[in-house]
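Working notes, structure below.
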Amino acid sequence: MCDVRQSDDLYSVAQKVRNWIRAEYARAQSIERREELLGMRFELSRHLEGQAGTFQELRLLKSLHRTEYHCLLVSEASTLSGMVNDCVLRKIMEREVRAGRMKLDDELYLRVKAKLDVLCLVKPIPPHEVKEALARGAEERPSSKYLPRISIA
C-alpha cells in the first residue's frame, strides 16, 4: 500500500489524465479513436481501483468511473445545440455492450433501451392517411397497420 502523499500524487495525476481523455474524446473524429480512449479510461480506472485502501474508497472510485463513462457516451450522442440524439445514443450503447465495456444491466443502457423501445412501438400516422380516414367517415379505418383498432370519431 502506498502512503498518503503518494496516493494524493497518484490521484492528481489520474485527474489530469482523465481531463486529457475527456478533451481528446470530444475532439475525436472516429469511433476507433473514441474506443481507444475509452480503453485507456478503463485501464486507468482499474489501476486506481486497485490502489483503493478501503471499501468506501473503492465504491466512490467505481461510482466516479461509471458517471464519467456515462458522460462521455452521452456527449458523443449530443448535437451542437446540446440535445441528445436518442438513436445515436442507442447505437453507442449497443457498441459498448458488444465491446464488453457495458453490461446489459447497466442503468444507462436500460433507460435508453426502454425509452427507444416505447418510441419504436408508436409509429406516427402519415397526415395523408388521417385525411383519407376523415374523408371516408368515422367507422371506416385507414389502411395503416399502425393505427389502433378503434373508431376515429
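Read-outs: derived from the displayed coordinates by stated rules, not from any lab. Bear in mind that the values here come from a model prediction, so they are computed numbers and not experimental data. Don't worry about glycine lacking a Cβ; one is built from the backbone with ideal geometry, like all the others, and counts go over all protein chains shown.
Taking the Cβ of Asn19 as the center, what net charge do the other residues with Cβ under 14 Å away carry, scoring Lys and Arg +1 and Asp and Glu -1? Residues near Asn19 contribute +3 overall. Restricting the trypsin sites (Lys or Arg not before Pro) of region 75-105 to loop positions (DSSP other than H, G, I, E, B) with no more than 12 neighbouring Cβ atoms within 10 Å leaves Lys103. On the principal axes of its alpha carbon atoms, region 1-76 extends 40, 20, 15 Å, with the longest extent given first. With R₀ set to 25 Å, the beta-carbon distance separating Arg27 from Leu58 gives a calculated FRET efficiency near 0.20.
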